[in-house]
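One structure is given below, encoded as structure tokens.
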Amino acid sequence: MKSNRLTGIFLLMVPPLIFLVYIYLLFASSLDLLLIKLTIVGTVGIIVSVFIWIGYTMVSTSNPNEITDDNI
């Protein structure tokens, strides 16, 4: 129970801090173009990874037996 509370506090505090650092780097530093490029590459990488995972699952999963009139 205590571990769940610590995890909850961590998730409550850290993501807003990361977001504030991201906003600072995007608007108040000279790293804005690099940060935009990294964000786009990361987003596209996540999307492509999801499609790869879906494709792998479709290829590696055996087909269920099709239902025909003979099976009923």
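The values are calculated or read from the model by the stated rules, or taken from the named source; none is laboratory data. Small disclaimer: the values here were computed from a predicted structure and weren't measured. Note that each Cβ is placed from the backbone with ideal geometry, even for glycine, and that neighbours are counted across all protein chains shown.
Summary of values
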{"read-out": "Residue pairs meeting the criteria (Cβ under 8 Å; at least 6 apart or on separate chains; first at positive phi and of a type in the set (D, E, K, R), in segment 3-20; second part of a helix (DSSP H, G or I) and at pLDDT 95 or above)", "value": "none"}
{"read-out": "Residue that is nearest to V21 (Cα to Cα) [pool: residues in segment 53-63 that are exposed (fewer than 10 other Cβ atoms within 10 Å of the Cβ) and not hydroxyl-bearing (S, T, Y)]", "value": "M58"}
{"read-out": "Checklist (1) among the hydrophobic types (A, V, I, L, M, F, W, C); (2) at pLDDT below 95; (3) surrounded by 10 or more Cβ atoms within 10 Å (Cβ to Cβ) applied to I72, failing item", "value": "(3)"}
{"read-out": "Single condition G42 does not satisfy, out of (1) within 23 Å of the chain's Cα centre (by Cα); (2) exposed (fewer than 10 other Cβ atoms within 10 Å of the Cβ)", "value": "(2)"}
